[in-house]
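The numbers here are math on the coordinates, done by the rules we state, and not lab data. From a predicted model like this one, the values you see are computed outputs, not experimental measurements. Glycine also receives a Cβ, built like all others from the backbone with ideal geometry; neighbour counts cover every protein chain displayed.
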Amino acid sequence: MNIKRAYTPPAKLYLGSAYYPEQWPEAGWKEDIRQMQVAGFNVARMGDFAWSRLEPAPGQFNFDWLDRAIAMLAEAGIDSVLATPTAGPPAWLVTQHPDMLPVDKDGRRAQFGNRCHYCVTSPEFHAAVRRLVEALAQRFGPNPHVLGWQLDNEYNRTCYCPRCQHQFQQYLAQRYGALDELNRRWATTYWSQTYDAWEQIPLPVGPHNPGLMLEHKRFITESYRRFQRLQIDALRLHLLPETWITHNFMFWHDGYDHYDLSEDLELASWDWYVGMGQHDYRSSGAAHDLVRGYKRQNFWLMETQPGNVNWKPLNNAIDKGGTRLMAWHAVGHGADAVLYWQWRSPLGGQEQYHGTLLDTTGQPRPFFAEAQQVGRDFAAASRLLAGARPVAETAILHCPASRWSIGWQPHHQDFDYLEHLLHYYKPLAAANIPLDILSADSLLDGYRMVIAPALLILTPGRAAALKAFVANGGHLLLTLRSGMKDEFNALLPLRQPGALAELTGAEVEEYYALENPVPVLGEGWQGASRLWAERLKLLDPATQVLARYGASNGWLDGCPAITQHAFGKGRVTFVGAYLDEASQAALLQRLLAEAGVQPVLVTPEGVEACRRVGEDGEEILILINYTHQEQRIGLPWRAYEHLRGQAIQGELRIAPLDVALLSHA
Ligand code: GLA
Ligand code: ZN
C-alpha cells in the first residue's frame, strides 16, 4: 500500500525545536513548555531515539508519557511532529538479534549504543520496527496535534554483512535478468571479471568495477526505500488526511539517491549545521534549493544549530545575530519551518556539549534571545508567507550518479563534482538570481535557462528532455565532463557530449587534467582554466567560438574552449573550461542577459534578496544584510516592510545583520 497525498503548505510559519521530554522528570515539562511559549515556538519534534522508553520490553508499549507531552504542548499552542525512533534500537532488541547490527567495510560488527546500529535489510529489525510503528500510528495517528511524522533519523549507514551481499545479488538478478547482460554492461572481460553465478558478485569495499560501484549505490537506495516503505505502510492507514510523512536528510550526503527516497514522502526536510566557521549564503542556499528540489515544493528545516555543534574539531558558536539570518535565509529559500536541535542540554550522552536553548539548569542560554527574535519575526511574517514559495526561471541539474562516478574516478585529485556545481551556483546566487536545483531527470518546462554541470551520465531520456527544452526556446549551458557515460557507468562509444552533440554543434576531441591553470581568452576578457580543460571541435560552421585556450600544454593551444550554438528556438553554450571566478561571473552575466533572466533585485555585495510568490501571485521579498554596515537599496516599487510595519518609497535602509520583509504597498 502506498497512498500518497500532497503536502498542503501550512497556514503559518513554524518555529520550534527537538524536544526530549523522556530525558527529564515530568514535573519540569510545564516549565519547559512555558519557556517555549516565551521563545514564540509553535512546534516541537519528539520521539526520535525514544524507543527504549516507548517499548521498554518486547511488545510492551509505554506511550502514555508521550500522549501527555503532546497534550501539554497542544494546550500551550504548540503542535507536535513525531519521529519514529528506529534510529536508536534498544538493547533488548540487539540482544535478541545480534545479527541486526551492521557490519562495516572491514567486516567488523557495529557496537550497540552509537545509534543507527541496524542493518537496513535485517528481517528481525524490520519486524520490530513494523510492530512499534504500527502501534505508534494507532495511538497517535488520529491525534490532530500531530502535524506530521519523520521516519527514522538521517539514514546513513551502509552495511556489508552477508545478507546485504545476498540481497545485492538478488537485486542485480532482477535488474539485469541474465548474467550475460550484466557482464556485457560492466565490461567484465576486463581483468577477467566475468561472472558465471550471481553468488560470485561481491559488495565493493574499495575501488571496483565502475558498473558494480554504481549498482551498489542503487542497491543502498533501494534498501532504504524498502525500509522507508515498510514504515509508511505501517503509518498510513492510521493518519489523518492532512498529516504528512518526511525524513530529515543530511546536507549534500551522498550515500544514496535522495530523489528516489523522496518519491515516497509527502514532504522533504533536512538538517542544516554549519559546524565550523560561519555560513556563506552564496553556497548554503544551494543546499536549501537542493532539498526544495526533492519534491519541487517547500520544505522543512527539521534541525538547525542553536549556536554551536559538538562534533567538529572546533565547535565555535555562530556569531551573534547570525542564526536569525540563517532562519530567514532558509525561509527565503522555501522553508516553512525552522526547528533547532535541541531544546535543553542533556546531563549525559554523547552530545553533552551541543548548543541548546536552555542550559542544564533549565535557564535560557544567551542564544535564547536570538531564537525569541526569530519567534517575533515569524509571528509578524507568518500570514504573509503562508503558501508562498520561491519561483525560479533558472534550473541547475543535479545527478547523484554523475557525482558518485566522478568521485570514484576524479582523474584530478582536486576535481569535485559538488564544488564544480557550486562554481555555477555561487555567482548566480551572489547576483540574486532565483535558482532551482533539480534532478537531472526532471521535466524542464517553464525555465528560461538550464545549467547542467558535469552531466557525465547521459541517458536517452535526459538527452531527449534537453533537446526538447532547447528546441522550444530554452538556453542550455553544458559544461565539461558532459555526456560521457551511460546509466551503467560505462563509457559511451561516442565523443562527448554524446547524443547532445547535435545541440552543441561541437564535440570534445580530448580532455586534459591540468597541472597548472591554462589561459582562456574570451571576447573582451582574459582568464584561465584550472584543474580541467576540454579541447572542443566545431561540428557545424554556424557554431560560434566564445573563447579559446592560450598557449599551455601544446595540445590545447588556440583550440576552442567555449562555444555557442543555436538549435531550434533555443541556444546551447558549451563550456570546456573550469574558469577562474571573475571570468565565470562575466560569462554567466552574458548568458543571463541572452536568456533574459532577471535578478530578484540588484543589491550591494553581502545583501541577499530572496523572493517567495503567493498563490495569488503576490511577490514577497526577503532582504538579508550579512554585512556589518548599514546598506541602502533602491526599491523599484512602493513597499510595505512587515517586520517594522512601515511603508517605504524609493530607498530602503537595512541595519547591519538585519532583515527586511517586503510586499507591494
Ligand atoms: C544530527 C542528528 C541529531 C543531532 C544533531 C547534532 O543532525 O539528527 O540527532 O545529533 O545532528 O548536531
Ligand atoms: Zn547488512
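With charges set only on the Cβ (+1 for Lys and Arg, -1 for Asp and Glu), what does the dipole of the chain come to about its Cα centre, in debye to the nearest 20? Present the calculation step by step, with values, prior to reporting the outcome.
On the way: 59 positive and 72 negative charges, 83 e Å.
Computed charge dipole of the chain: roughly 400 debye.
Taking the Cβ of each residue in Glu266, Glu608 as the centre, tally the other Cβ atoms inside 10 Å and list the residues starting with the fewest. Display every interim value, and only then the final one.
Numbers: Glu266 20, Glu608 24.
In order of increasing Cβ crowding within 10 Å: Glu266, Glu608.
From the backbone phi of segment 356-361, what are the Karplus-calculated ³J(HN,Hα) couplings (6.51 cos²θ - 1.76 cosθ + 1.60, θ = phi - 60°) in whole Hz, Gly and Pro given as x?
8, 7, 10, 7, 4, 7
Lysines within cross-link reach of Lys105: Cα-Cα under 18 Å, excluding same-chain residues under 8 positions apart?
Output for Lys105: Lys217.
Estimate the FRET efficiency between Glu31 and Asp616 by the formula 1/(1 + (r/R0)^6), using the beta-carbon distance for r and 51 Å for R0, to the nearest 0.05. All intermediate terms of the calculation are to be shown ahead of the outcome.
Details: r = 42 Å, r/R0 = 0.83.
E between Glu31 and Asp616, to the nearest 0.05, is 0.75.
Kindly write out, for segment 277-294 in residue order, the coupling ³J(HN,Hα) from the Karplus curve 6.51 cos²θ - 1.76 cosθ + 1.60 (θ = phi - 60°), rounded to whole Hz, with x marking Gly and Pro.
Calculated HN-Hα couplings, in order: x, 10, 8, 10, 4, 5, 10, 5, x, 5, 5, 5, 5, 4, 5, 4, x, 4 Hz.
Please list, in order along segment 209-222, the HN-Hα scalar couplings obtained from phi with the Karplus expression 6.51 cos²θ - 1.76 cosθ + 1.60 (θ = phi - 60°), rounded to whole Hz, x for Gly and Pro.
Taking θ as phi minus 60°, the curve returns 4, x, x, 5, 4, 5, 5, 5, 4, 5, 5, 4, 4, 5 Hz for segment 209-222.
Along each of the three principal axes of the Cα atoms of segment 329-474, give the extent in whole Å, ordering the values from largest to smallest.
62, 42, 25
Taking square-rooted eigenvalues a ≥ b ≥ c of the alpha carbon gyration tensor, is the chain rounded, prolate or oblate, where a/c under 1.5 means rounded and, failing that, a/b exceeding b/c means prolate? Don't jump to the answer; show the numbers that get you there.
On the way: a/c = 2.03, a/b = 1.19, b/c = 1.71.
Cα axes put the chain in the oblate bin.
Give the separation of the Cα centroids, segment 342-398 to segment 562-606, in Å.
35 Å
So if R0 is 25 Å, what FRET efficiency would Lys105 and Tyr511 give, r being the distance between their Cβ atoms, rounded to the nearest 0.05?
Values: r = 31 Å, r/R0 = 1.25.
Result of the calculation: an efficiency of 0.20.
Once Rh for segment 267-413 is found with the Kirkwood sum over Cα pairs, what is the Stokes-Einstein diffusion coefficient at 4 °C and 1.567 mPa s, in µm²/s?
Numbers: Rh = 16.9 Å.
Rounded, D is 77 µm²/s.
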